[in-house]
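Worksheet: the structure to be examined is printed underneath.
The values are calculated or read from the model by the stated rules, or taken from the named source; none is laboratory data. In this text, all values refer to a predicted model and were calculated from it rather than measured experimentally. All Cβ positions, even for glycine, are placed from backbone atoms using ideal geometry, and neighbour counts span all protein chains on display. Side chains included, ligands, DNA and RNA excluded: accessible areas come from the protein's heavy atoms. Shrake-Rupley method; radii C 1.70, N 1.55, O 1.52, S 1.80 Å.
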Amino acid sequence: MNIEQLYKLYSENYLVDTDSRKIRKGSIYFALKGENFNGNKFALQAIKSGASYAIVDESEYNNSPNTILVKNTLKTLQELANFHRKQLNIPILSLTGSNGKTTTKELINSVLSKKYKTTATLGNLNNHIGVPLTLLKMTPETEIGIVEMGANHINEIEFLCKIAEPNYGYITNFGKAHLEGFGSLEGVIKGKSELYNFLKKTNGTAFVNTDDKIQVKQSVGLHLIEFNKAMIQFINALPFVKVKFKKLIIESNLIGSYNYYNIAAAIAIGNHFKVTTKEIKNAIENYLPTNNRSQIIEKNTTKIILDAYNANPSSMTAALENFNQITTSNKKIVILGDMFELGETSWVEHQKIAELASSYNFSEIHLIGKAFSTTTVKNAFVYESFDTFKCSINYLNYNNSTILIKGSRGMALERVLDLF
């Protein structure tokens, strides 16, 4: 069966599933494989659960009139997504960057959905599987597609662009993230700029923050839609970001000045697509962060800034600088977890963050994880693991406190909430 024939089956319901436990009636089940699972084994179960067809790539599981054997299930999923994208006569905006991708994507979706029927990446499903699944969520009713792209190696963004074929793009920033894969900050810039390279080849358009000189340099030769602090005024972040656009004050629910450009990008993109200023304001002011991203949680007399979805040296620095600027009569306490995927630079980057935290007048600094436990600063408590931290702290000290919690996803520092 070729892609055109498969697309005809897909277009009957525009439904694709990859989890045999969550089958929707009429969907096509793709039997994906990983290191610890083989979706082929569940093809018949998927059909029994309501899938119209199951795509398999091992002949022993091609044992039903409703199973379709292909050479490679993942490659077929990607090819189907790209074929579908070619049938969609809609603008598709792709975004990538080191920090703030998912928050920016959610803000953009909130703004654009005020005027259009949008389909956006769910959560952070932004890799070689997530991007195809996002495209295949789009239906003939979709008017604008928003596709988040993640990468930790050179050529990944280029590959994802070939699948999604975006005609608009936005890069949030270039920071010290995934250094283990990219090798250096220069590697990060090269890898993320593959989005710009694709747009140059296809006469696409990039939204560019012209306050960022690296972005300006990397986007030379592109058709640009520019934005900056002169166009969208930053007022303050005490702690929530407040901006001014076209004489309207917009008060977000996002903490930290580092979220300013995430908000500004959503405003600029909404403005380009002719969403009214009033609707832009409404969308941003009603967006509430979730999933451990820039959330403020209050427990009795303790205020917690939970930013534990992910962390790298750039985002950790921004969070600490912003926390230092917050004015409060409470004690200010910092709880930081290891930053992952830093490769050979890991000790140096963790030491820099430990020194930065200790340079501020915080009441307490707690550094958790194998990497942080090797750092040397005088005024910080260090722990090899979360369990060590859990057994060591005095919870009574946290009354009348404001606490910043930040670490990489693998540290799961939201567990700190359970201690109060």
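Table for the structure above
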| quantity | calculated |
| --- | --- |
| Anchor Lys278: lysines whose Cα lies under 25 Å away (excluding residues fewer than 8 positions away in-chain) | Lys101, Lys105, Lys114, Lys115, Lys117, Lys229, Lys242, Lys244, Lys246, Lys247 |
| Formal net charge of residues neighbouring Lys242 (Cβ-Cβ distance under 11 Å; K, R +1; D, E -1) | -1 |
| Inter-label distance, nm, simple model (7 Å from Cα along the C-beta direction), Arg21/Ile214 | 4.0 |
| Whole-number percent relative contact order across the chain, with pairs defined as alpha carbons under 8 Å at least 6 apart | 11 |
| CD proxy at 222 nm, helix term only [per DSSP H run n ≥ 4: -39500 (n - 2.57); per residue of the chain; nearest 500] | -9500 deg cm²/dmol |
| The range 277-378 - accessible surface per residue (Å², probe 1.4 Å) | 45 |
| Unit charges at the beta carbon, dipole of the range 1-155: most positive-side option, Thr119, Ala46, Ile23 | Thr119 |
| Surface per residue (accessible, 1.4 Å probe) for the range 1-131, Å² | 49 |
| For the chain, share of DSSP beta bridges that run antiparallel, in % to the nearest 5 | 25 |
| The range 271-304-the range 1-67 distance, computed between alpha-carbon centres (Å) | 38 |
| Cα centroid separation - the range 332-364 against the range 166-224, whole Å | 27 |
| Charge dipole of the chain about the Cα centre (unit charges at C-beta), most positive-ward option of Thr96, Leu69, Ser329 | Ser329 |
| Proximal charge balance of Gly369 [Cβ under 10 Å; K/R count +1, D/E count -1] | -1 |
| Whole-percent carbon and sulfur share, accessible surface of the range 170-265, 1.4 Å | 52 |
| Simple Cβ-charge dipole of the range 75-158, Lys/Arg +1 and Asp/Glu -1, about Cα centre, in debye nearest 20 | 200 |
| Cα gyration tensor shape of the range 145-231, rounded if a/c is under 1.5, else prolate or oblate by comparing a/b with b/c | oblate |
| Centroid-to-centroid separation of the range 228-269 and the range 80-156 [C-alpha atoms, Å] | 23 |
| Overall Cα dimensions of the chain - principal axes, largest extent first, Å | 67, 51, 40 |
